[in-house]
Amino acid sequence: VTFSATKGSVSEAFIKGIDWVGTSQGTGRLWGSLFRRLKVFAERSGMPEPERTGWVAELERGRNFNALCGACIAMNCAFLVFAADREMDNYDVDDSGPSRAMQCIEYAFTAFYLCELLLRLYVHRFYFFFSADATWNLLDSFLVFLGLLEMTFTLFADGGGPSLNPGFMRMLRVFKVVKVLRVVRGIRFLSELRLIFKCLLGSLLSLTWSLVMILLIVYIFALLIVQVLSQELKLQKNTLPDEEMRRLADLYSSVGNAMMLLIQIATDGLSWATVFDDLSIIGGFLQWVLVAFVVFFNLAVWNIVTSMFVEKAIKLAKPDIDDMAMEQHIEDAQDADELTKIFAALDDDNSGTMSLDELQRLMTHPKFHDYLRVR
């Protein structure tokens, strides 16, 4: 209901914007016609997608096609690992670029993704960008577009044109980095991974505020340690060894360095016992401040953050109406199949129908009673 209301408000705002632009001065016939068509499309965008029929739609919905797409993504991921390892092994060779065979394999993957995208566009039409899978579809379109751009730039570079331009080469490196996102495409074909990915995306807001709280707590303790340590070094500069004073001054030269040190302690990147021993030459107060930080972080902060993420994940992992309806359809199909087997076992004449005698024997059959009891 919330989604429908939000979508409706956005559609209304979009339609009002189109009306305003359509009546602005200087808008020609062509633009006016375009805006009117967009308005009609926006009004109809909230309608459900009609059922697609035909062998192309059956192919696109089939398990074999989805399995083929998943297998292609898996092979592409393995190929990316092989290509990255090859480049790392030959980093000191100037002409260690991808071989002609590797480029052909990369072009084949790009061509497959392009054919998949065109097939889905042909089946879903404009609903490809407004359906429940619109996010995944937009990601697919973005990756295919970047793949085609990389293919074009690589062909230009092979031709000896702008290949020596540093900006051009940086653009190719960006394309190589973005290709890692192809791994994410495989998540849409696995329901469990898709659920985990949904929980991760839904927890980003909680993660942001958790990081803000963690940094605030670390900032308070780091500021306290730096202020107290600076005063103690001034008071004890005649009694402390110069080497120890310089070492402590370097470790806690700023609040930022102290925060980084505390973050390393909180994340087990540094043993707090080492820092505890370093602060022993100053006195016991800073040591107890460090102990309070470690205890408070491990017993309070981490447990609270973990409970927030668990609660958020539980809420996001609840099945929606479509998932519940699908599970109910599966259970109904299983019940129908089980009843069909029971009826077929008591159909003596193999007529495909139940006579009165066969129905009476069915009522006394123990397997039928067990089925009704558990259902």
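Any residue at all in the range 82-90 that's open to solvent by 30 Å² or more (accessible area, probe 1.4 Å) and outside any helix (DSSP H, G or I)? Yes, some residue in the range 82-90 is open to solvent by 30 Å² or more (accessible area, probe 1.4 Å) and outside any helix (DSSP H, G or I). Among all positions in the range 216-224, there is at least one residue which is of a type outside the set (Val, Ile, Thr) and loosely packed, with under 13 Cβ neighbours inside 10 Å.
A single member of Val255, Val305, Val294 is under 23 Å from Ser210 (Cβ atoms) and in contact (Cβ under 8 Å) with a residue 60 or more places away in the chain, and it is Val305. I'd like to know if the range 298-321 contains one or more residues that are at pLDDT 85 or above, in a helix (DSSP H, G or I), closer than 17 Å to Tyr252 by Cα and not hydrophobic (A, V, I, L, M, F, W, C). Within the range 298-321, not a single residue is at pLDDT 85 or above, in a helix (DSSP H, G or I), closer than 17 Å to Tyr252 by Cα and not hydrophobic (A, V, I, L, M, F, W, C). Can you name every one of the helices (runs of 4 or more DSSP H) wholly within the range 180-293 that holds 3 or more residues which are small (Gly, Ala, Ser) and either modelled with pLDDT of 85 or more or under 26 Å from the mean Cα position of the chain (by Cα) (or both)? The qualifying helices (runs of 4 or more DSSP H) are 204-235, 255-266.
The values are calculated or read from the model by the stated rules, or taken from the named source; none is laboratory data. Predicted model only: the values in this text are computed from it and were never measured. Every residue, glycine as well, gets a Cβ built from its backbone with ideal geometry; the counts of neighbours run over all protein chains shown. To get the accessible areas, we keep the full protein, side chains included, count just its heavy atoms, and leave off ligands, DNA and RNA. Shrake-Rupley method; radii C 1.70, N 1.55, O 1.52, S 1.80 Å.
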